[in-house]
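Below is one structure, written out as structure tokens, with a few remarks after it.
The values are calculated or read from the model by the stated rules, or taken from the named source; none is laboratory data. All values derive from a computational prediction rather than experimental measurement. Virtual Cβ from ideal backbone geometry, glycine too; neighbours counted across all protein chains shown. Side chains are part of the model used for accessible areas, which takes the heavy atoms of the whole protein and leaves out ligands, DNA and RNA. Shrake-Rupley method; radii C 1.70, N 1.55, O 1.52, S 1.80 Å.
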Amino acid sequence: MSKKYRYFLFLTCCCFNGIFAQEAKDSLVIQSKFRFGNTPLELHTKYVSNSDTLEIETFKYYISNIEVQFADKTIVKPKSNYHLVDIENPASFSIPIEKKQNKFISKVTFDIGVDSIASVSGALGGDLDPAKGMYWAWQSGYINMKIEGKSNSCKTRKNQFQFHLGGYLKPNYALRKIEIPIQKNQIPNEEINIIVDLGHLFSEISLKETNSIMLPGKAAMEIADLSAKIFSVE
């Protein structure tokens, strides 16, 4: 390979890398960051909440109908409506919206869960593929949020707890809408860090008393209400 050709390849790679870096920098991204209280949330790590010592083994949920509103009242949305965020899949933590517009963000709204339209449409593809393990059946629809783990407080098989929150028929409609106002000039229009604090949820639960929710119902609605409070902006 000649020196001239090697130099050409070097310039080409630099050019492409520069373009890619510029596009990444100019993108508006919603980024999920997981915590348990004041510490990062990691799977198979012991945490203490109230009188419970617990470990998280599974945590994933749907986020949908995302809207980012700017200070001038304009709104942008991602191209895809349904996103499965899975703590075991780091690629799912980032949801691109569009190119940044050099405007300040005033609020972010989104739903936790899958709406009734998608639920009655039957199993779909992409993040809504049943192979993702978040689909019950057409009668019950999708699981909006799945939290599994173990705790010695649970007098269950292998001390396991399971919270599968879902349901699209009233009065057991588990989808929850989240609206997070942004303080003026708080976030530059580049990356919105959504803090997801499971510690806040478990501080409201006694695992000795509540440790298995597998179907839509009153108990699922109560935990869904609590789950809506775990989201905030950094």
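Descriptive notes on the structure:
- Per residue, the solvent-accessible area of segment 27-80 (1.4 Å probe, heavy atoms of protein chains only, all protein chains present) comes to 50 Å².
- Sites Glu88 and Lys218, calculated FRET efficiency, Cβ-Cβ separation with R0 30 Å, nearest 0.05: 0.50
- Under 19 Å of direct C-alpha separation, and excluding same-chain neighbours fewer than eight residues apart, Lys170 reaches these aspartates and glutamates: Asp111, Asp115, Glu222, Asp225.
- Packing-based ranking, highest mean first, of 143-151, 156-164 given that Cβ atoms within 10 Å are counted: 143-151, 156-164
- Hydrodynamic radius (Kirkwood) for segment 112-160, which is based on Cα pairs only, to one decimal in Å: 12.3 Å
- Exposure of Glu191 as accessible area (Å², to 10), given a probe of 1.4 Å and all protein chains: 80 Å²
- Sorted largest first, extent of segment 85-146 alpha carbons per principal axis (Å): 44, 26, 19
- Ligands, DNA and RNA left out, the 1.4 Å accessible surface of segment 82-234 is 50% carbon and sulfur atoms.
- Filter on Lys46/Lys177; Lys107/Lys177; Lys77/Lys132; Lys77/Lys103; Lys33/Lys73; Lys73/Lys107 - keep pairs with C-alpha separation over 20 Å: Lys46/Lys177; Lys77/Lys132; Lys33/Lys73
- Convex hull volume per residue in cubic angstrom - Cα atoms of segment 131-234: 139 Å³
- The residues of segment 88-234 expose on average 50 square angstrom of accessible surface per residue, using a 1.4 Å probe on protein heavy atoms.
- Inter-probe distance in nm under a simple model that places probes 7 Å from Cα toward Cβ, at Ser116 and Lys155: 4.0 nm
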